[in-house]
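Report on the following structure.
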């Protein structure tokens, strides 16, 4: 039943997934532009998919936007499965998502990213990207703050919008 409901709501999920992803991406890239962090999740994703650094930003941005839609569906499924669709639950899910990204995914990234050096082995001709480290702090000590804020905002937007969806 939840799957049928999700399929029936694909238009608002697609719309608000796009709005939330664009908003989060703007906040995260803006934080990078203002020097609060050096982390660009879209660039990291792009360099994972292509060795061409000039194209990595565009490739990563497209993949990041598609991933935002996938996560919008997951947030929808969690909220409706809990039968609690609110802005604050969306924010909590966003914070949990960000903390998992910072504590688990980023430290493990060098072990499966084809162009990222590890903490143990320095860069070489193929692995030139600096590893993010625990909570991404190798990319700046404000990285956890900006990442958590961006993901919390993403969740708040989705929770508020899904709460208004009939």
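Under a crude label model (7 Å from the Cα following the beta-carbon direction), how far is residue 18 from residue 119 in nanometres?
4.1
What distance in nm separates the two pseudo spin-label positions at residue 128 and residue 100, each 7 Å out from Cα along the beta-carbon direction?
3.3
Helix-derived [θ] at 222 nm for the chain: sum -39500 (n - 2.57) over DSSP H runs of at least 4, divide by residue count, nearest 500?
Working: 6 runs with 105 residues, N = 166.
Value at 222 nm, helices only: -21500 deg cm²/dmol.
Using alpha-carbon pairs under 8 Å, 6+ residues apart, how would you state the relative contact order of the stretch 24-164 in percent?
Averaging sequence separation for qualifying contacts and normalising by length gives 33 percent for the stretch 24-164.
Arrange the following residues from fewest to most other Cβ atoms within 10 Å of their Cβ: 69, 10.
In order of increasing Cβ crowding within 10 Å: 10, 69.
Would you mind ranking 162, 120, 141 so that the residue whose beta carbon has the fewest other beta carbons within 10 Å leads the list?
In order of increasing Cβ crowding within 10 Å: 120, 141, 162.
Across bins of 10 angstrom width beginning at 0, how are the C-alpha pair distances of the chain distributed, in whole percent?
Result, from short to long distances: 11, 37, 33, 16, 4, 0 percent.
How far, in degrees from 0 to 90, does helix 10-33 lean away from the longest principal axis of the Cα atoms of the chain, to the nearest 10?
30
Could you check which residue among 38, 142, 128 shows the biggest mean-square fluctuation in a GNM of the chain with a 10 Å Cα cutoff?
Taking springs between Cα atoms under 10 Å, the residue moving most is 128.
By how many degrees, between 0 and 90 and to the nearest 10, does the Cα long axis of helix 143-164 differ from the longest principal axis of the chain?
20
Helix 53-81 versus the longest principal axis of the chain: what angle, 0 to 90°, nearest 10, using Cα atoms?
For 53-81 against the chain, the angle is about 30 degrees.
Since every read-out is calculated from the coordinates, none of them should be taken as a lab result. All figures in this text were calculated on a predicted structure; none of them were measured in a lab. In this analysis, Cβ positions are derived from the backbone assuming ideal geometry, glycine residues included, and neighbour counts consider all displayed protein chains.
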